[in-house]
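Read-outs throughout are calculated quantities, based only on the coordinates presented, and are distinct from any laboratory measurement. In this text, all values refer to a predicted model and were calculated from it rather than measured experimentally. Don't worry about glycine lacking a Cβ; one is built from the backbone with ideal geometry, like all the others, and counts go over all protein chains shown.
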Amino acid sequence: MTDIPNGLVEGRVLAKKQWTHNLFSLEVSAPIEQYVAGQFTKLGLRNEEGEWVRRAYSMVNHPNHEYGYQHLEFLIIADSDGQLSPKLNQLDSGDSVYVGKQPSGFMTIEEVPDYVRDLWMLSTGTAIGPFLSMLDDEILTSRFDNVVLVHAVRTADELVYADTIKDALSRLGSKFKFVSIVSREHHEPSLSGRIPELLLSGELQTKVGMNLQAPDSFVFMCGNPAMVKDTSSALTELGLNKHLRKKPGHFSSENYW
Ligand SMILES: Cc1cc2nc3c(=O)[nH]c(=O)nc-3n(C[C@H](O)[C@H](O)[C@H](O)COP(=O)(O)OP(=O)(O)OC[C@H]3O[C@@H](n4cnc5c(N)ncnc54)[C@H](O)[C@@H]3O)c2cc1C
Ligand SMILES: NC(=O)c1ccc[n+]([C@@H]2O[C@H](COP(=O)([O-])OP(=O)(O)OC[C@H]3O[C@@H](n4cnc5c(N)ncnc54)[C@H](OP(=O)(O)O)[C@@H]3O)[C@@H](O)[C@H]2O)c1
């Protein structure tokens, strides 16, 4: 095709895994530039009017995985009112999908200040993806004393990538702690409720078995912007400051919408 917009390259869907009716993972092969664990790129398709619709999606797999950085995996939820995500949910092996050539994003391990010992990664829904990519980074165990991953979802069937998390638990040993939160049904051993309240009550820290405190702890938040906002307030109440490159602090975030 000659009219692919600048910055997009043609990719090919290699595989699709359907977790629920609207939650799925796509494996895509595309000749994009090198990326760093935690980054995202764009996926794009044309709509019925022939216009290009592009959105950001984070890579779930580490760039140095066995098939290399041009074999990308994405975890996506299809919003029935959305323009692009339902179309991505209709793709299958062999289909074309257009991919941003240049990945980007600052939610990466190298952005964490040197003084940090414990990395906390707080996610809602599909935003566990970039943290799974980081979990596979060799530097993680030498760089941090502890790595905590929290995944908050509405229902237990959205607790995806259980095998990947199990692998990380055996690979990283006691340095790695995983806590799931299910908010709309009872599920053992998940916590119930929401991240900010569970932090303020201390229930989350108790479940992890660690304190969350400056300057040792650094928190990455990713996903629902309301979670990011409310959790930022909770962390401020707990004595942590927003991290800026100019003024190093203790938490930083990526909003998915
Ligand atoms: C940096 C970045 C990385 C992202 N990575 C991912 C990813 O890995 N997987 C993914 O599924 N989405 C991701 N998103 C969201 C994605 O870019 C799209 O916004 C989403 O797929 C909706 O696109 P759409 O065209 O279907 O909906 P639109 O027509 O653009 O409608 C947008 C509406 O969808 C909702 N929404 C958007 N994203 C999400 C989401 N992830 N979960 C719940 N509700 C959402 C919001 O209510 C929003 O109002 C990311 C966004 C950003 C900014
Ligand atoms: N997941 C589904 O079954 C479903 C079904 C239909 C449509 N959708 C659409 O798909 C999109 C994504 O849904 P999603 O379930 O992946 O993401 P989501 O709505 O962001 O929910 C994920 C988790 O984030 C929590 N959360 C929401 N607001 C929060 C806040 N202010 N502070 C802390 N935590 C907060 C939710 O708790 P609460 O449960 O307490 O809100 C839930 O545990 C949405 O646009 C939705 O409309 C999803």
Size descriptor, Kirkwood hydrodynamic radius, that averages inverse alpha-carbon separations across the stretch 109-255, Å | 15.2 Å
For the chain, which longest stretch is free of loop sites, where a loop site is one of the trypsin sites (Lys or Arg not before Pro) that DSSP puts outside H, G, I, E and B and that has at most 13 other Cβ atoms within 10 Å?
-> 1-116
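For Cα pairs less than 8 Å apart in space and 6+ apart in sequence, what is the mean separation divided by the residue count of the chain, i.e. the relative contact order in percent?
On the way: 539 pairs, mean separation 44.4, N = 257.
That works out to 17 percent.
Sort TYR69, TYR57, TYR115, TYR98 so the one with the fewest other Cβ atoms within 10 Å of its own Cβ comes first.
Details: TYR69 17, TYR57 26, TYR115 11, TYR98 23.
The order, fewest Cβ neighbours first, is TYR115, TYR69, TYR98, TYR57.
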Which one of GLN102, TYR67, PRO113 is farthest out on the positive end of the charge dipole of the stretch 41-143, using unit charges on Cβ (Lys, Arg +1; Asp, Glu -1) and the Cα centre as origin?
-> GLN102
Taking the alpha-carbon centre of each part, the distance from the stretch 14-28 to the stretch 121-187 in Å is 19 Å
Please compute the net charge surrounding ARG55, taking Lys and Arg as +1 and Asp and Glu as -1 over other residues with Cβ under 15 Å from its Cβ.
-> 0
Under 1.5 on a/c is rounded, so check that first for the stretch 8-100, then, if it is not, pick prolate when a/b is larger than b/c and oblate when it is not; a ≥ b ≥ c are the square roots of the alpha carbon gyration tensor eigenvalues.
-> prolate
Quick one: helix 225-237 against the long Cα principal axis of the chain, what's the angle to the nearest 10°, folded into 0 to 90?
-> 20 degrees
Starting from the Cα of LYS229, draw a straight line to each of the aspartates and glutamates and keep only those under 19 Å, dropping any in the same chain fewer than 8 residues away.
-> GLU197, GLU237, GLU254
So, over other residues within a Cβ distance under 11 Å of LEU169, counting Lys, Arg +1 and Asp, Glu -1, the net charge is +2
Descending Cα extents along the principal axes, the chain, whole Å = 54, 39, 33
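Exposure proxy check: ILE181, ILE77, ILE4, ILE32 ranked by fewest other beta carbons within 10 Å? Mind dumping the intermediate values first?
Numbers: ILE181 24, ILE77 18, ILE4 13, ILE32 21.
Placing the least packed residue first, the sequence is ILE4, ILE77, ILE32, ILE181.
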